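The values are calculated or read from the model by the stated rules, or taken from the named source; none is laboratory data. All values reported here derive from a predicted model rather than from experimental measurement. Don't worry about glycine lacking a Cβ; one is built from the backbone with ideal geometry, like all the others, and counts go over all protein chains shown. SASA here: full protein model, heavy atoms, side chains in, ligands and nucleic acids out. Shrake-Rupley method; radii C 1.70, N 1.55, O 1.52, S 1.80 Å.
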Amino acid sequence: MFAKVYSCAVVGLEGQPVEVEVDISQGLPSFQIVGLPDTAVQEAKERVRAAVKNSGASFPMKRLTVNLAPADIRKAGPAYDLPIAVGLLLASEQTHGQIEGALFVGELGLDGKLRHTDGVLPMVSVARSHGIETVYVPFEDAPEAGLIEGTTVIPVPSLADLAAHLVGERCLQPYLAAPVAVDEEVTYPVDFQDIRGQEHAKRALEIAAAGGHNVLMSGSPGAGKTLMARALPSILPPMSLDEALEVTKIYSVSGMLPPGRPLVRQRPFCAPHHTISQAGLVGGGSRIKPGEITRAHRGVLFLDELPEFGMQTLEVLRQPLEDRVVTISRASGSLTFPANFIMVAAMNPCPCGWHGDLEKQCTCSASVVTRYQKRISGPLLDRIDIHVEVARVPYEKLAAERQGESSLVVRERVKAARLRQVTRFHGTRLRTNADMGAAEVRRFCPLDAPSQRLMQAAMRQLQLSARGYHRVLKLARTIADLAGAEEIGATHLAEALQYRPRRVE
């Protein structure tokens, strides 16, 4: 007796169709699962056995073989419980029904009820692309699966309900997805008007948001660096539906999708502790999973106390900051994850934190200050477009009743600048000025004669590298976009140059 049921694996962030083949033959009772299953899949034998019995069916005491094809792809996680159970019921003729063109995904409890399963969104997405129009998923995962248009989603409370549905005794109603509100207003915990003073730093963050540039804030403790970093997502433009689906897919695979929120509409904000490992930051592990930089895709990655991070850990950021993707290679193969984020880093100027402060004395020697600042390599600093000094806020500004601009007002300016970039880059893969390469910089960032003279002088005095030269031009292009200017002027270039780092001798 034989049955075939369709399911899905998740490889990286993408789904991979899997055929679950179930064969029941005469022989000593046994239950074998083949096709590169991991421990969680092997343990499905006990979950399925108990779930079948507790759902009112009988478990066949014969030789059972389950094959997960293709056999050269490693199968991980408990999502195969439901298709294996359905295959056993079909092969043992305890249920019947039309399952051609249907996909089954879900983890079973011992009582036969279905539990939440990670990675439902990419599974349903790949099923739709392969012509599978009906998917059976756990009841609580139906809103997530319903994000894929053109697919009939059947929420399944338990294995017994599904068996009754297949034979026509009970009808499971398809999930009716509500229309996605593209212009839904998103609220953030920190608003720009909560920040007192720091006009220079807030201007730098506005430029970073408008062009997708990386920022390094340096200043004494308590100056507001962390607060400003947490306010940055509130001035970024709302995510489009495609961007929201990208982010939702990442969080679904990572098992971090917020309960009751099938679609992530808020820009991600990731703030890993400085003790994080390389695999935790960029991704990896025995079963390769996305890291913090991928979870910050389309949002903000905040690295507080930047010099406290391990030097090797920071160096792995160099390639993702340049290419906007991260490729993780292992002996078994390689996977590429998206990593298009704005990096905001914060640091104190010295170990005690008061170097250069006008009111508090620094206790560090000059050599200690230099050694502390040089924990961050030159190549990494060169990839950061905006370097800004954050001074302490005077009492008058802290106690003032007058509030600054709200995030809504700043966000409107950022949206206008982003719209100019979308128009400029129409027909290309680019979305923001920070995405430009050398060829695009030559095409979209021409300089007039006064600006060329200013840039020539800056190249000599600041000893800019070729990368630094291009990054200054991209930053100047963003400043011009915020000002509504068609061409880069000397004033835009001068403002961009002031954000370059001072060399540490």
Filtered residue count, the range 382-396, keeping only those that are open to solvent by less than 60 Å² (accessible area, probe 1.4 Å) and part of a strand (DSSP E or B): 4
Has the range 371-386 got at least one residue that is over 34 Å from the mean Cα position of the chain (by Cα) and either small (Gly, Ala, Ser) or within 29 Å of Gly212 (Cβ to Cβ) (or both)? no
Taking Gly284 as meeting all but one of (1) touching an Asp or Glu at 6+ places or on another chain (Cβ under 9 Å); (2) open to solvent by less than 20 Å² (accessible area, probe 1.4 Å); (3) modelled with pLDDT under 95, write down the number of the exception. (1)
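Select, from Gly12, Gly77, Gly35, the only residue that is in contact with a helix residue (DSSP H, G or I) (Cβ under 6 Å, 6 or more places away or on another chain) and at positive phi. Talk me through it step by step, then tell me what you get.
Numbers: Gly12 fails: in contact with a helix residue (DSSP H, G or I) (Cβ under 6 Å, 6 or more places away or on another chain); Gly35 fails: in contact with a helix residue (DSSP H, G or I) (Cβ under 6 Å, 6 or more places away or on another chain).
After ruling out the rest, the residue left standing is Gly77.
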When you go through Ala229, Ala209 one by one, which is the residue that is in contact (Cβ under 8 Å) with a residue 24 or more places away in the chain, touching a Phe, Trp or Tyr at 6+ places or on another chain (Cβ under 8 Å) and over 30 Å from Phe139 (Cα atoms)? Ala229
Does the range 235-253 contain at least one residue that is surrounded by 19 or more Cβ atoms within 10 Å (Cβ to Cβ), of a type in the set (Lys, Arg) and closer than 30 Å to Pro179 by Cα? yes
Just to be sure I understand the filter: pairs with C-beta atoms under 8 Å, separated by 6 or more residues or on different chains, first member in the range 397-412 and touching a residue at least 40 places away in the same chain (Cβ under 8 Å) and in a loop (DSSP other than H, G, I, E, B), second member surrounded by 14 or more Cβ atoms within 10 Å (Cβ to Cβ) and acidic (Asp, Glu). Which pairs pass? Ser406/Asp191
Considering only the range 437-455, state which residues are under 17 Å from His492 (Cβ atoms), aliphatic (A, V, I, L, M) and either open to solvent by less than 10 Å² (accessible area, probe 1.4 Å) or part of a helix (DSSP H, G or I) (or both). Val441, Ala449, Leu454, Met455
Identify all residues within the range 290-314 that are part of a helix (DSSP H, G or I), closer than 23 Å to Gln373 by Cβ, open to solvent by 30 Å² or more (accessible area, probe 1.4 Å) and touching a helix residue (DSSP H, G or I) at 6+ places or on another chain (Cβ under 7 Å); write none if there are none. Gln312
Which of the numbered conditions does Gln361 fail, given that it passes all the others? Conditions: (1) crowded, with 17+ Cβ neighbours inside 10 Å; (2) free of Cβ contacts under 8 Å to residues at least 40 places away in the same chain. (1)
All-but-one check, Gln498 against (1) open to solvent by 70 Å² or more (accessible area, probe 1.4 Å); (2) in contact with a helix residue (DSSP H, G or I) (Cβ under 8 Å, 6 or more places away or on another chain), failing number (2)
